[in-house]
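Participant: Provided herewith is a single structure, encoded as structure tokens, for subsequent inquiry.
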Amino acid sequence: MANYIEEISKLQISHRISLLKERMLSEPRFLSLEQALLITQCYKENENLPRILRRAKSLSLALNKIEIRIDPLELIVGNRTPGVRAGVVSPEAGISWIDREIETLHERPQDQFNVRKEDIEEFRKTILPYWKGKSLEDAVKDRLGAEISAIGKVVKINQTDHAQGHICPNTQKWLAIGPAGLKKEAEEKLKMASDDKKVFYESVIIVLSAAQDFMRRYSKLAKKMLVEVSDGRLRENLIEIERICAKLADNPPETFREAVQSLWFLFVILQMESNASSFSPGRADQYLYPYFKRDIESGKLDLSGALEIIEALWLKFNQIVYLRNSNSAKYFAGFPIGFNIACGGQTQDGRDASNELSFLFLKAQEHLLLPQPNLSARLFKGSSSEFVDQCSRVIGMGSGMPQIFNDESIIPALINQGISKEDATNYAIVGCVELTTHGNNLGWSDAAMFNLVKVLELTLNNGICLQTGVQMGLQTGYLTDYKSYEDLEEAYKKQLDHFIDRMIAVCDAVDRMHAEFLPTPFLSSVIDDCLEKGIDVTAGGAHYNLSGIQAIQVANIADSLAVIKKLVYDEGTLKAEELLKALQTNYEGSEELRQYLINKVPKYGNDVAWVDNIGAKWIEYFAEKLKDYRNARGGPYHTGLYTVSAHIPMGHNVGASPDGRLSRDPLADGGMSAMYGRDRNGPTALLKSVSRINSMYGSNGTLLNMKFLPDFFKTEEGIKKFSSLLMTFVDLRINHVQFNVVRREDLLKAKQKPEQYRGLTVRVAGYTAYFTELASDLQDEIIERTSYGDI
Amino acid sequence: MYGNIIDIKKFAIHDGPGIRSTVFLKGCPLSCIWCHNPEGIDSKINLWYFEKKCIGCHRCVAACKNSALSIGSASPHIVIDREKCINEGNCVEACPTAALCFDGKRVSQREVIDVLLEDKPFYDKSGGGITISGGDPLFQHEFALGILMECKKHSIHTAIETCMYAKKEIFEKFFDYVDLFIVDLKVFNSANHKKYTGVENELIKSNFEFLASKKENILVRIPLVPGITATKENIGEIASFVYEVNNKIPIELMNYNPLGENKYRLMGKANELLKGIKPLPEPELDALYQIISDKGVKIAREKKVKQ
């Protein structure tokens, strides 16, 4: 083992990859209407056909017609637009928002796209009039709009204007038999199918044939380009592209490069069918390994050649981005598309699964430091120290990757949701941190986000919103009406039950509308049991059918209830009237009280058991309550504990809270994190606190952010200590953690906004200081030193 | 039993092997002019004022029974009359932002041990443990010893960071309960030692010889203060001394830490000496380590990651 690790550690980035990266990043981003126009044309011509056939035919048309491009330098080809990182529009999912925002896409604060003037005209002339009232978005608005808006400050309902993503296809099967093999399977099934299933199989066959056509088009284009290209190496590459793409149309891949190309075609076509975020390759280091190993053993490939192919794929992952409306872009900033790859972890018999590819994936991340793929590493008690150390090294480079997932807690949590041990052991990640099985699951992991803090606000104020004065919840009374802490808890339960009930009804309805409006025959061909049952994945064809609801946010709940419990009920030092009035007036004139609540009552994240346990209790209550429901596809609802960047807009909806947070201020970040600046006892105390939240209740995924300074990773001792921190995290059974390695810019921000960086420590030999508590000239000195990386 | 501590720092990563928790005890027999934990010198607990955290509510002014606090001319901040202040703590209690706080606290051995036990999973995984530092652990020696004995009962690796300025009989009591001795040798010349630390160093040297004759796990640290300890001559003399005592004992150089100055401000003091002193640049550090190597003494220095 040690041999290849040493060899991989020395590999350099190739000139080809550097050049391709540079070209990709310098190309401007545009809105692209090409596929939207083809879909519109196809729907117009086939109005009498069932929706699934219309969807299949439009995808087929796009695969045969959209303009394609090959850079003669690239080893892996394929995209859904000729330009890179284009914003693609899906009219059947939703375009009302594009109508509203098309003029401002180029200047909005987050995730901008250039828009050609002629495209704005074309959009308004051809696309918009046809789709009015026909898209998922319009139908959701029509049927559910009033309820969605009525509960909007408590529940953010997702999946209302785009197709389903967040799914991990059975790439292994795709590689094993290719589109031709899958098509054959569907044809066999069609022969025996009952009438109601025929249209599903016909649709599958249409899209798989088109997938083959798409590959052949790349082969032909490569051949055509040979006429103009004279450089020997480029010609060689084009000839290889021509050969591989033609082969993959009819046969499964055999070599490593063929397998990677085949994988990429799968993901491009999935993105074309469903313009959604996150189709996850999952455990690519496992299922690509046989192809890699065969080539290495036959001498066809060496490690540096394999790395170049992997990095070529990594670049491809960055060429497809996801266009969101401006509101959604606030919740999920930086157009995360979520090609999530999970490396490492364990085999079915509990051995360390990391291999050469796992290390090459980490190396590729180290070389490119790009946002995609979203690289995840699975750790468990038996992970090799070499693999853990390598993760530590790459984390220390500061791209926030790999993020770390914990087999020890995740596998039991998934089994607890009715997933088989084998599938749980083979888990992967979709999107940011959402957990899934491999190739057989529609996890619907972002059904909704539930704002526990808003419901607490309503519980303290007789169901009335502090921000608007609107009666939103039940009239359970005011804080001043609750005689005991237990009375308050009972009222909180009632309010939670009420909103959970209303949320589930909407989620179910949205779920059914996906089956109605956006069936996905191509995706269904690579999700286990759909072909078997003859049922589309959106209609419940998958082997597993889960729905995930995010409970937001444990830190604010723990901190707020700790204040009330300790000061109002246990000690009686704070009058309920005084606190309620302070909340109702957004602490106006009560700054001293607010400071007292922030500084003198213990907070979640500091290894104070009684405070952490308050958070744990309400997550348990929420997660147990969800067990009362089944989703539209017959599967369970379960809980996630993550917000990505939604803690900001969700905080915007919440009035002043008893933890000293002002109205509209952000909630705690991440999901499991402490309120910013309130974890004052360092990383070990934070991890201990987080471990008190039962990981079983985070089976949909959890998120913990931690910050470190780059100096930690500068010595071998530091790397080792960091690795042992990771392995303690594994023992503590926390599902997930990711690390921000704080750089100079962060320190500059910390100086300007100390309240958000209270917990940031500066460590120098033998002595630790809180950065924000240092005098500004000393801060400057540290900032200065940090820019040289000496700290 | 009760003692005065500055604080307990978790996730201490420079006070011995692995991930550790370090207890900083109050009280030190030396008063080094460069001390970067100056609150550790006095064994009593004193008032600190974080001006930046003060919101100017002036609750503290009313709370103080000794009229030690007043509203400064540069309001909203307050002025502390350190002569009148008897560290009673009414102002600390009243302050909503913790701008006023104590530089330490009085705690029982049990309380300290309970906090130390909280991070046991991290010690076990990383080969870490606990360290007692200060101030100096030999100053409140009975308190320190009790903590160390209890930690050994829990099979926790223990270290102390000491200047070894204590009666030999007291120092010896620690030998059975400490796994790693991190000992400071600051200035070799005794007259200079007295000039900069307040005491002569004969006792320190003889205690070091005694320790080396009885125990094995010893690390010598030299705090580098430019112009005072960080001279070729001083480093050379200390290295020769260590070599004669036992050439297997390694030496680590602790580069000057400029952050100590901030603490003087919190205490309402100034330390003119420290103004403008910078840590040694890498090449000078290399040169001093070279002197140690040349004397035949092992060096303890963290290995840089290759980029």
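The values are calculated or read from the model by the stated rules, or taken from the named source; none is laboratory data. Because the structure is a prediction, the values reported are computed rather than measured. No Cβ is skipped: glycine too gets one built from the backbone with ideal geometry, and neighbour counts run over all protein chains shown. Heavy atoms of the whole protein, side chains included, go into the accessibility calculation; ligands, DNA and RNA do not. Shrake-Rupley method; radii C 1.70, N 1.55, O 1.52, S 1.80 Å.
Participant: For the range B:6-26, which residues satisfy the criterion of being touching a helix residue (DSSP H, G or I) at 6+ places or on another chain (Cβ under 7 Å) and more than 20 Å from B:Leu180 (Cα to Cα)?
Facilitator: B:Ile6, B:Lys26
Participant: Residue by residue through the range B:27-42, note down the ones that are open to solvent by 40 Å² or more (accessible area, probe 1.4 Å), touching a strand residue (DSSP E or B) at 6+ places or on another chain (Cβ under 7 Å) and modelled with pLDDT of 90 or more.
Facilitator: Of everything in the range B:27-42, nothing turns out to be open to solvent by 40 Å² or more (accessible area, probe 1.4 Å), touching a strand residue (DSSP E or B) at 6+ places or on another chain (Cβ under 7 Å) and modelled with pLDDT of 90 or more.
Participant: Can you report the number of residues in the range B:252-288 which are modelled with pLDDT of 85 or more, within 11 Å of chain A (Cβ to nearest Cβ) and under 19 Å from B:Asp184 (Cα atoms)?
Facilitator: Summing the residues that are modelled with pLDDT of 85 or more, within 11 Å of chain A (Cβ to nearest Cβ) and under 19 Å from B:Asp184 (Cα atoms) in the range B:252-288 gives 6.
Participant: Just wondering, is there one or more residues in the range A:431-452 that are outside any loop (DSSP other than H, G, I, E, B) and in contact with a Pro (Cβ under 9 Å, 6 or more places away or on another chain)?
Facilitator: Step one: of the range A:431-452, the residues outside any loop (DSSP other than H, G, I, E, B) are A:434-436, A:441-442, A:448-452.
Still in the list and also in contact with a Pro (Cβ under 9 Å, 6 or more places away or on another chain): none.
No, the range A:431-452 contains no residue that is outside any loop (DSSP other than H, G, I, E, B) and in contact with a Pro (Cβ under 9 Å, 6 or more places away or on another chain).
Participant: While we're on this one: Limited to the range B:285-300, what total is found for residues that are part of a loop (DSSP other than H, G, I, E, B) and of a type outside the set (A, V, I, L, M)? Write out each step before concluding.
Facilitator: Of the range B:285-300, the ones part of a loop (DSSP other than H, G, I, E, B) are B:295-298, B:300.
Going one step further and asking which of them are of a type outside the set (A, V, I, L, M), we end up with B:295-296, B:298.
Count: 3.
Participant: I'd like the residue in the range A:677-696 that is crowded, with 24+ Cβ neighbours inside 10 Å and more than 12 Å from chain B (Cβ to nearest Cβ) and, out of all such residues, is farthest from A:Tyr596 (Cα to Cα).
Facilitator: A:Ile693
Participant: Right, next: Just wondering, is there one or more residues in the range A:16-25 that are open to solvent by 30 Å² or more (accessible area, probe 1.4 Å), touching a strand residue (DSSP E or B) at 6+ places or on another chain (Cβ under 6 Å), in contact (Cβ under 8 Å) with a residue 12 or more places away in the chain and of a type in the set (A, V, I, L, M, F, W, C)?
Facilitator: We begin by selecting, within the range A:16-25, every residue open to solvent by 30 Å² or more (accessible area, probe 1.4 Å); these are A:16, A:18-19, A:21-23, A:25.
The next check asks that each one be touching a strand residue (DSSP E or B) at 6+ places or on another chain (Cβ under 6 Å); those that pass are none.
Looking for residues that are open to solvent by 30 Å² or more (accessible area, probe 1.4 Å), touching a strand residue (DSSP E or B) at 6+ places or on another chain (Cβ under 6 Å), in contact (Cβ under 8 Å) with a residue 12 or more places away in the chain and of a type in the set (A, V, I, L, M, F, W, C), one finds none in the range A:16-25, hence no.
For (1) at pLDDT below 95; (2) crowded, with 24+ Cβ neighbours inside 10 Å; (3) not acidic (Asp, Glu), each residue gets a yes or a no:
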residue: A:Gly232; (1), (2), (3): no, no, yes
residue: A:Arg235; (1), (2), (3): no, no, yes
residue: A:Ile239; (1), (2), (3): no, no, yes
residue: A:Ala246; (1), (2), (3): no, no, yes
residue: A:Pro253; (1), (2), (3): no, no, yes
residue: A:Glu258; (1), (2), (3): no, no, no
residue: A:Gln261; (1), (2), (3): no, yes, yes
residue: A:Ile269; (1), (2), (3): no, yes, yes
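Participant: For the range B:121-151, which residues satisfy the criterion of being open to solvent by 40 Å² or more (accessible area, probe 1.4 Å) and not in a helix (DSSP H, G or I)?
Facilitator: Across the range B:121-151, the qualifying residues are B:Gly127, B:Phe139.
Participant: Here are B:Ile291, B:Ile249: which of them is open to solvent by less than 20 Å² (accessible area, probe 1.4 Å), among the aliphatic types (A, V, I, L, M), more than 30 Å from A:Gln390 (Cα to Cα) and away from chain A (no Cβ under 12 Å)? Before you say what the answer is, go through the steps one by one.
Facilitator: Numbers: B:Ile291 fails: open to solvent by less than 20 Å² (accessible area, probe 1.4 Å).
Selected residue: B:Ile249, the only one of B:Ile291, B:Ile249 that is open to solvent by less than 20 Å² (accessible area, probe 1.4 Å), among the aliphatic types (A, V, I, L, M), more than 30 Å from A:Gln390 (Cα to Cα) and away from chain A (no Cβ under 12 Å).
Participant: What are the residue pairs meeting all of these: first residue in the range A:289-309, first residue under 12 Å from A:Val260 (Cβ atoms) and in contact (Cβ under 8 Å) with a residue 40 or more places away in the chain, second residue open to solvent by 30 Å² or more (accessible area, probe 1.4 Å) and assigned to a helix (DSSP H, G or I), Cβ atoms under 6 Å, and 6 or more apart or on different chains?
Facilitator: Short answer, once both residue conditions are applied: A:Ile309/A:Arg257.
Participant: Here's a follow-up. For the range A:472-490, which positions are outside any helix (DSSP H, G or I) and either open to solvent by 80 Å² or more (accessible area, probe 1.4 Å) or among the small types (Gly, Ala, Ser) (or both)? Outline the logic, then answer.
Facilitator: Within the range A:472-490, the subset outside any helix (DSSP H, G or I) is A:472-478, A:482-484.
Result: A:Gly473, A:Gln475, A:Gly477, A:Lys483, A:Ser484.
Participant: Please go through the range B:157-176 and pick out each residue that is touching a residue at least 12 places away in the same chain (Cβ under 8 Å) and more than 14 Å from every other protein chain (Cβ to nearest Cβ).
Facilitator: Those that are touching a residue at least 12 places away in the same chain (Cβ under 8 Å) and more than 14 Å from every other protein chain (Cβ to nearest Cβ): B:Thr158, B:Met164, B:Tyr165, B:Ala166, B:Lys168, B:Ile170, B:Phe171, B:Glu172, B:Lys173, B:Phe174, B:Phe175.
Listed here are the residues, each with its yes/no results for (1) over 24 Å from the mean Cα position of the chain (by Cα); (2) open to solvent by 10 Å² or more (accessible area, probe 1.4 Å).
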position	(1), (2)
A:Gly541	no, no
A:Tyr544	no, yes
A:Gln553	no, no
A:Asn556	no, no
A:Asp559	yes, no
A:Ile564	yes, no
A:Val568	yes, yes
A:Glu571	yes, yes
A:Glu577	yes, yes
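Participant: Sticking with this structure for a sec: Scan the range A:221-230 residue by residue and report those that are of a type outside the set (S, T, N, Q), assigned to a loop (DSSP other than H, G, I, E, B) and open to solvent by 30 Å² or more (accessible area, probe 1.4 Å). Don't jump to the end; show me each part of the working.
Facilitator: The first filter runs over the range A:221-230 and keeps only residues of a type outside the set (S, T, N, Q), leaving A:221-229.
Add one more test, that the residue is assigned to a loop (DSSP other than H, G, I, E, B), and what stays is A:226-229.
Of everything in the range A:221-230, those that are of a type outside the set (S, T, N, Q), assigned to a loop (DSSP other than H, G, I, E, B) and open to solvent by 30 Å² or more (accessible area, probe 1.4 Å) turn out to be A:Val227, A:Glu228.
Participant: Inspect the range A:158-171 for any residue being open to solvent by 30 Å² or more (accessible area, probe 1.4 Å), assigned to a helix (DSSP H, G or I) and not basic (Lys, Arg) and give the result as yes or no.
Facilitator: No, there is no match, as no residue in the range A:158-171 is open to solvent by 30 Å² or more (accessible area, probe 1.4 Å), assigned to a helix (DSSP H, G or I) and not basic (Lys, Arg).
Participant: Related question: Among A:Asn355, A:Asn406, which is the only one that is under 21 Å from A:Lys720 (Cα atoms), modelled with pLDDT of 95 or more and crowded, with 22+ Cβ neighbours inside 10 Å? Let's see the steps before the verdict.
Facilitator: Details: A:Asn355 fails: crowded, with 22+ Cβ neighbours inside 10 Å.
One residue alone meets the criteria, A:Asn406.
Participant: Give the residues of the range A:588-602 that are open to solvent by 10 Å² or more (accessible area, probe 1.4 Å) and in a loop (DSSP other than H, G, I, E, B), sorted by residue number.
Facilitator: In the first step, residues of the range A:588-602 are kept if they are open to solvent by 10 Å² or more (accessible area, probe 1.4 Å); the result is A:588-596, A:598-600, A:602.
Within the range A:588-602, A:Glu588, A:Gly589, A:Ser590, A:Pro602 qualify.
Participant: Going through the range A:707-722 one residue at a time, which ones are open to solvent by less than 10 Å² (accessible area, probe 1.4 Å) and more than 8 Å from chain B (Cβ to nearest Cβ)?
Facilitator: Across the range A:707-722, the qualifying residue is only A:Phe722.
Participant: Another question about this same structure. In the range A:731-740, what residues are more than 9 Å from chain B (Cβ to nearest Cβ), closer than 10 Å to A:Ser409 by Cβ and crowded, with 19+ Cβ neighbours inside 10 Å?
Facilitator: In the first step, residues of the range A:731-740 are kept if they are more than 9 Å from chain B (Cβ to nearest Cβ); the result is A:733-740.
From what's left, closer than 10 Å to A:Ser409 by Cβ: A:733-736.
Residues satisfying the conditions are A:Ile734, A:Asn735, A:His736.
Participant: Checking the condition open to solvent by 10 Å² or more (accessible area, probe 1.4 Å) and away from chain B (no Cβ under 11 Å), which residue from A:Arg743, A:Arg661 passes? Walk me through how you get there before you give the answer.
Facilitator: On the way: A:Arg661 fails: open to solvent by 10 Å² or more (accessible area, probe 1.4 Å).
Going through A:Arg743, A:Arg661 in turn, the sole match is A:Arg743.
Participant: Given the options B:Lys52, B:Lys65, name the one that is at the interface with chain A (Cβ under 9 Å from one of its Cβ atoms) and open to solvent by 20 Å² or more (accessible area, probe 1.4 Å). Let's see the steps before the verdict.
Facilitator: Working: B:Lys65 fails: at the interface with chain A (Cβ under 9 Å from one of its Cβ atoms).
Criteria check complete, one pass: B:Lys52.
Participant: Please work out if B:Pro279 is surrounded by 15 or more Cβ atoms within 10 Å (Cβ to Cβ), closer than 30 Å to A:Phe771 by Cβ and touching a strand residue (DSSP E or B) at 6+ places or on another chain (Cβ under 9 Å).
Facilitator: Numbers: surrounded by 15 or more Cβ atoms within 10 Å (Cβ to Cβ): yes; closer than 30 Å to A:Phe771 by Cβ: yes; touching a strand residue (DSSP E or B) at 6+ places or on another chain (Cβ under 9 Å): yes.
When the stated conditions are applied, B:Pro279 passes them.
Participant: Go through the range A:54-73 and report how many residues are of a type in the set (S, T, N, Q) and surrounded by fewer than 22 Cβ atoms within 10 Å (Cβ to Cβ).
Facilitator: Filtering the range A:54-73 for residues of a type in the set (S, T, N, Q) gives A:58, A:60, A:64.
Keeping just the survivors that are surrounded by fewer than 22 Cβ atoms within 10 Å (Cβ to Cβ) gives A:64.
Qualifying residue count, the range A:54-73: 1.
Participant: Okay, moving on. From the list B:Asn217, B:Asn234, B:Asn201, B:Asn207, exactly one residue is open to solvent by 30 Å² or more (accessible area, probe 1.4 Å) and modelled with pLDDT of 95 or more. Which is it?
Facilitator: Details: B:Asn234 fails: open to solvent by 30 Å² or more (accessible area, probe 1.4 Å); B:Asn201 fails: open to solvent by 30 Å² or more (accessible area, probe 1.4 Å); B:Asn207 fails: open to solvent by 30 Å² or more (accessible area, probe 1.4 Å).
Every option except B:Asn217 fails the conditions.
Participant: Additional query: Filter the range B:16-40 down to the residues that are within 24 Å of B:Gly198 (Cβ to Cβ) and among the charged types (D, E, K, R), then identify the one that is farthest from the other protein chains (Cβ to nearest Cβ).
Facilitator: B:Lys26
Participant: Collect the residues in the range B:77-120 that are within 30 Å of B:Val178 (Cα to Cα), part of a loop (DSSP other than H, G, I, E, B) and more than 14 Å from chain A (Cβ to nearest Cβ), keeping them in residue-number order. Break it down into steps so the answer makes sense when it comes.
Facilitator: Initial filter on the range B:77-120 (within 30 Å of B:Val178 (Cα to Cα)): B:102-120.
Pick out the ones that are also part of a loop (DSSP other than H, G, I, E, B) and you get B:103-104, B:119.
Of everything in the range B:77-120, just one residue is within 30 Å of B:Val178 (Cα to Cα), part of a loop (DSSP other than H, G, I, E, B) and more than 14 Å from chain A (Cβ to nearest Cβ), namely B:Gly104.
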